[in-house]
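Asker: The structure that follows is given in the form of C-alpha cells.
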Amino acid sequence: MKGIVMNLLAEMVESQLGMKEWNRVIESAGLDGVYTSSELYEDTELFGLVAIISERNGIPADDLVFAFGKFMLPGFIARYPYLLADVDGFLAFLESIDSVIHVEVKKLHPDATTPVFHHIRLSENELQLQYNSERRLCRLAEGLVAGAAEHYNAHYSLTHEPCMHRGGDHCGFLIKVEPSAKDLAHSATGAIDE
Ligand code: ZN
C-alpha cells in the first residue's frame, strides 16, 4: 500500500478521533507512524492499524474501512485534481477509474497495485462495477463510491452481489442513480411541452 493511503488514514483518525488517538494507535502497533506518500508499505501494516483503531474505538472493521474509502476520495481529488478534469459526473467518474485514474496512478507510482474495476453501463442511470483485488477491500471500494457520489452530489442505491467474502470470485456492485429533483422537474416540463 502506498504511503499516501497511510497518510490519509492518519488524517482521518486525527480529524475524527483526535491526534492523541492516532498517536496511541501508532504506539500500540509498535510503529513510528512516519509515512512518505510515494513509498510502498506492507498491506499488513494498514490492516493491523485498522484492526487496532476498530478495537480501541468499538467501530466494526467493515464500517471503518467503508468510512476510510469515503474519506479517501476527496483526499485523492485534492492531491490529483487534474485526474478528474475531463470527468463529467458520478457514473462517468466510476467508469474512468480503470481507464484513466489507475493508468495515471501507475505513471506516478509504477509499483502501486491497483484493483481491477470493470464497468458495464446498463442504462443512463445504471452501472455494473466488477471489483477484483487480492486485498478483497470491497468495503473500501464501496466507501470510495459513496465519496464520489458526495463529490458529484449524486443520490444512488447500491447492490453488492456477488461478494468475494461470500464465495464469489469477484465483487459486483449494481449502482443505480436516482434522478435529482432538477432532472425530475425538467422531464415533467418536457412531458407537458410534448
Ligand atoms: Zn465484496
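The values are calculated or read from the model by the stated rules, or taken from the named source; none is laboratory data. Since the structure is predicted, the reported quantities are computational estimates derived from the model, not experimental observations. Cβ atoms come from the backbone with ideal geometry, glycine included; neighbour counts cover every protein chain shown. When the accessible area is computed, the model is the full protein with side chains, heavy atoms only, and any ligands, DNA or RNA have been set aside. Shrake-Rupley method; radii C 1.70, N 1.55, O 1.52, S 1.80 Å.
Asker: Once the other residues with Cβ under 13 Å from the Cβ of Ala141 are scored (Lys, Arg +1; Asp, Glu -1), what is the net sum?
Answerer: Details: positive: Lys70, Arg135, Arg136, Arg139; negative: Asp62, Asp98, Glu142.
Taking every Cβ under 13 Å from that of Ala141, the sum is +1.
Asker: Another question, then. Once you have a ≥ b ≥ c as the square roots of the Cα gyration tensor eigenvalues for the stretch 74-123, tell me rounded if a/c is under 1.5, and otherwise prolate or oblate according to whether a/b is larger than b/c. Present the calculation step by step, with values, prior to reporting the outcome.
Answerer: Working: a/c = 2.37, a/b = 1.28, b/c = 1.84.
Taking the square roots of the gyration eigenvalues as a ≥ b ≥ c, the stretch 74-123 is oblate.
Asker: I need to check one value: relative contact order of the stretch 1-88, counting alpha carbon pairs closer than 8 Å and at least 6 residues apart, in percent.
Answerer: Details: 63 pairs, mean separation 29.1, N = 88.
Dividing the mean separation by the residue count of the stretch 1-88 yields 33 percent.
Asker: Let me ask something additional. How big is the dipole moment of the chain about its Cα centre under a simple scheme where the beta carbon of each Lys and Arg is +1, that of each Asp and Glu is -1, and everything else is neutral? Debye, nearest 20, please. Spell out each step's value before the answer.
Answerer: Working: 15 positive and 29 negative charges, 60 e Å.
Computed charge dipole of the chain: roughly 280 debye.
Asker: Next question, about the same structure. Could you report the chain's accessible area per residue, 1.4 Å probe, as an integer in Å²?
Answerer: Numbers: 10740 Å² over 194 residues.
With all protein chains present, the chain gives 55 Å² per residue.
Asker: Using Cα-Cα distances under 8 Å and only pairs 6 or more residues apart, what relative contact order does the chain have, in percent? Please report the intermediate quantities before stating the final value.
Answerer: Values: 243 pairs, mean separation 36.3, N = 194.
With pairs under 8 Å counted, the relative contact order is 19 percent.
Asker: Would you list which lysines come within 17 Å of Lys2, measuring only between C-alpha atoms, while excluding same-chain residues fewer than 8 positions from it?
Answerer: Candidates past the 8-residue exclusion: Lys106, Lys107.
Asker: Another question, if that's okay. What is the local net charge at Lys70, summed over the other residues whose Cβ is closer than 15 Å to its Cβ (Lys, Arg +1; Asp, Glu -1)?
Answerer: On the way: positive: Arg139; negative: Glu11, Asp62, Asp63, Glu142, Glu150.
Cβ neighbours under 15 Å give a net charge of -4.
Asker: I'd like the accessible area for Tyr82: 1.4 Å probe, protein heavy atoms, all chains in place, Å² to the nearest 10.
Answerer: 120
Asker: Enter the Cα centre distance for the pair the stretch 88-124 and the stretch 1-62, rounded to the nearest angstrom.
Answerer: 25
Asker: Then there's this: Would you work out if the stretch 87-194 is rounded, prolate or oblate? Take a ≥ b ≥ c from the square roots of the eigenvalues of the alpha-carbon gyration tensor; rounded if a/c is under 1.5, else prolate when a/b is larger than b/c, oblate otherwise.
Answerer: Values: a/c = 2.74, a/b = 1.76, b/c = 1.56.
Cα axes put the stretch 87-194 in the prolate bin.
Asker: Ignoring ligands, DNA and RNA, please state the percent of accessible area on the chain from carbon and sulfur, probe 1.4 Å. Before the final figure, lay out each step's value.
Answerer: Working: 5670 of 10740 Å².
Reported share for carbon and sulfur atoms: 53 percent.
Asker: In the neighborhood of Glu126, defined by Cβ-to-Cβ distances under 14 Å, what is the net charge if each Lys or Arg adds +1 and each Asp or Glu adds -1? Please list the in-between numbers first.
Answerer: Numbers: positive: Arg121, Lys176; negative: Glu95, Glu124, Glu178.
So the surrounding residues net to -1.
Asker: For the stretch 95-134, what class follows from the C-alpha gyration tensor (a ≥ b ≥ c being the square roots of its eigenvalues): rounded when a/c is under 1.5, otherwise prolate if a/b is larger than b/c, else oblate?
Answerer: On the way: a/c = 5.48, a/b = 1.97, b/c = 2.78.
Oblate shape, in that a/c is at least 1.5 and b/c is the bigger or equal ratio.
Asker: In percent, what relative contact order does the stretch 87-194 have, based on Cα pairs under 8 Å that are 6 or more apart in sequence? Walk me through the numbers on the way to the answer.
Answerer: On the way: 126 pairs, mean separation 24.7, N = 108.
Worked out over the stretch 87-194, it gives 23 percent.
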